[in-house]
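> Next up is a structure, given as structure tokens.
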Amino acid sequence: MRINKTRAVRGLAIAAITALVGVTSACGSDSDGAGGGDKDEIVVWLNGTDTPDEARAWLKETFEDEHPGTTLTIEQQEWEGLVERLTTALTSADQTPDVVEVGNTQAATFTTVGAFSDLSGDLESLGGDDLLPGFVEAGSADGKTYAVPYYAGSTYVFYRKDLFEKAGITEVPATMADFVAAAKKLKQDSGQADFSGYWLPGKDWRDGAAFLWDAGGDFAEPDGEGWRATLSTPESIEGLQTFQDLYTSASGAPADANESDPVTPFCAGKIGMMSRPGWVHGMLTDPESGCPDLAEQVGVFALPGSDGEPAPVLLGGSNLAISAKSPQQDLSREVLELMLSEDFQTILAEAGLTPAKQSLADKLGDDEFARATIEAASNAKLTPAAASWASVEGTFVLEDLFSKIAQGGDVEKLAAEADEQIDAQLN
């Protein structure tokens, strides 16, 4: 694609970052911006473990070779609380990272208030029309581009072939009903309370979104000049009830956990199916932390929808941007060029990440994992394109909603309460 949760962050990003609006032109609204600053270090924030170690090492070594005496430091941030940390860091030239990775659903909060440098004049040299258009759109505001694509990735289902066979499941599910039935059968056959026929932590709204969308529901929709939360519509309620049914009947994951790493229990035979991004394949085959001896027992398929076509899953991924407060505007642009280069993006693709440039899609390969990546992305969706959507994520209202649903709460009541909170954030 992610826990100290606070309710005091309503509008936090927009309120604090708005102070940056006046500095954009001074710090990076053109390609000739502040050149070297007084630092001999470039700081890059990357989130989670999605960027492979090989790519990180290549970036650092290549940049430092090209710029003797300048150090490139990669600081890993966690997805949880990222909006708040960016909100604080981006307001200070002393604290800000130079280049930042931001989730594609979070980009609008920062691009609309001047937190990032204008990259419009650099777009062609960074990839132009070859860049993933949806991610360019996510990083643009008022006709200018402030964040460029980094990678994309839709989740698909990893499953244990041996556990399918043991449970008497002879074919991969072809519809959503088949999938739910298989998850329950795997759980029942295991006889273990902590076994997951389908791994689904209670707070995992990102994977839960697939069941919401498959039923025809959504988080919110445009309403005049604003937005209206729609979790309490009949379609959304149906999808949320499917999530609740799956959790209570097929998952052994904690109800108060988010997207915790399931690789270890999957390798240990404690998980029959799990929805994960394509790059998890590399983690499973890692000789130190995965289960390479079980490689032949790992299969994949796109989560099936009720109509037999791939279900609409969340199109995850990230954008890259330069902090408007960074004194290293020119060097930061060179970092972006390296991160969008064929060499760097090929490393990402070989790890299962969809590259930022459409022309490099063949770098994903042609095996069953690459095919599943492409098939899963064929019907993928994004969260609502509201400027304040990152504020919704920042309040953790969705984690709270899905967790309470997983714990057996009244779906209709909880959805109505969540709608009120989301409406307050979006309008």
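The values are calculated or read from the model by the stated rules, or taken from the named source; none is laboratory data. Because the structure is predicted, anything quoted here is derived from the model rather than measured. Glycine also receives a Cβ, built like all others from the backbone with ideal geometry; neighbour counts cover every protein chain displayed.
> Please indicate, with yes or no, whether at least one residue in region 392-408 is of a type in the set (Asp, Glu) and farther than 22 Å from Leu132 by Cβ.
yes
> Quick test of your reading of the structure: Lys185 fulfils all but one of (1) in a loop (DSSP other than H, G, I, E, B); (2) not assigned by TED's automatic domain parsing to the domain that holds Glu41. Name the failing condition by number.
With respect to (1) in a loop (DSSP other than H, G, I, E, B); (2) not assigned by TED's automatic domain parsing to the domain that holds Glu41, Lys185 is out only on (1).
> Residue under question is Phe266, and the condition is that it be assigned by TED's automatic domain parsing to the domain that holds Asp189, in contact with a strand residue (DSSP E or B) (Cβ under 8 Å, 6 or more places away or on another chain) and either modelled with pLDDT of 95 or more or over 19 Å from Gln188 (Cα atoms) (or both); does it hold?
Judged against the criteria, Phe266 is a match.
> Taking only pairs six or more apart or across chains, which ones have beta-carbon atoms under 7 Å, a first residue in region 229-245 that is closer than 21 Å to Ala424 by Cα, and a second residue that is among the hydroxyl-bearing types (Ser, Thr, Tyr) and part of a helix (DSSP H, G or I)?
Thr230/Ser236
> Moving on to the next point. Which one of the conditions (1) assigned by TED's automatic domain parsing to the domain that holds Pro355; (2) in contact with a Phe, Trp or Tyr (Cβ under 8 Å, 6 or more places away or on another chain); (3) surrounded by fewer than 24 Cβ atoms within 10 Å (Cβ to Cβ) does Arg85 fail to meet, given that it meets all the rest?
Unmet for Arg85, out of (1) assigned by TED's automatic domain parsing to the domain that holds Pro355; (2) in contact with a Phe, Trp or Tyr (Cβ under 8 Å, 6 or more places away or on another chain); (3) surrounded by fewer than 24 Cβ atoms within 10 Å (Cβ to Cβ): (2).
> Hey, can you tell me all the residues within region 148-177 that are under 21 Å from Ala295 (Cα atoms) and assigned to a loop (DSSP other than H, G, I, E, B)?
Those that are under 21 Å from Ala295 (Cα atoms) and assigned to a loop (DSSP other than H, G, I, E, B): Ala167, Gly168, Ile169, Thr170, Glu171, Val172, Pro173.
> Here's something else I'd like to know. In this structure, is Ala372 assigned to a loop (DSSP other than H, G, I, E, B), in contact with a strand residue (DSSP E or B) (Cβ under 7 Å, 6 or more places away or on another chain) and aliphatic (A, V, I, L, M)?
No.
> Please determine, by comparing only the residues of region 401-416 that are assigned to a helix (DSSP H, G or I), touching a helix residue (DSSP H, G or I) at 6+ places or on another chain (Cβ under 8 Å) and not β-branched (Val, Ile, Thr), which one is surrounded by the most Cβ atoms within 10 Å (Cβ to Cβ).
For region 401-416, the residue satisfying everything is Phe402.
> Kindly state which helices (runs of 4 or more DSSP H) lie completely within region 214-310 and contain at least 1 residues that are more than 20 Å from the chain's Cα centre (by Cα), buried (at least 23 other Cβ atoms within 10 Å of the Cβ) and among the aliphatic types (A, V, I, L, M).
234-250
> Would you check if Val148 is under 23 Å from the mean Cα position of the chain (by Cα) and among the aliphatic types (A, V, I, L, M)?
yes
Rundown of residues vs (1) of a type in the set (Phe, Trp, Tyr); (2) at pLDDT below 95; (3) assigned to a helix (DSSP H, G or I); (4) closer than 23 Å to Arg228 by Cα, yes/no style:
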residue	(1), (2), (3), (4)
Leu336	no, no, yes, no
Gln345	no, no, yes, no
Ser359	no, yes, yes, no
Asp366	no, yes, no, no
Asn379	no, yes, no, no
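> Confirm whether Ala177 is buried (at least 17 other Cβ atoms within 10 Å of the Cβ) and over 25 Å from Gly352 (Cα atoms).
In short, no.
> Still on this structure, please answer the following. Before we move on, is Leu90 farther than 30 Å from Pro384 by Cα and in contact with a helix residue (DSSP H, G or I) (Cβ under 9 Å, 6 or more places away or on another chain)? Steps first, answer last, please.
Values: farther than 30 Å from Pro384 by Cα: no; in contact with a helix residue (DSSP H, G or I) (Cβ under 9 Å, 6 or more places away or on another chain): yes.
Here the answer is no, as Leu90 does not meet what is asked.
> Inspect all residues belonging to region 118-137 and state whether any of them is at positive phi, small (Gly, Ala, Ser) and either in contact with a strand residue (DSSP E or B) (Cβ under 9 Å, 6 or more places away or on another chain) or in a loop (DSSP other than H, G, I, E, B) (or both).
yes
> For region 345-382, give me the residue count where each residue is β-branched (Val, Ile, Thr) and either farther than 18 Å from Ala152 by Cβ or surrounded by fewer than 23 Cβ atoms within 10 Å (Cβ to Cβ) (or both).
3
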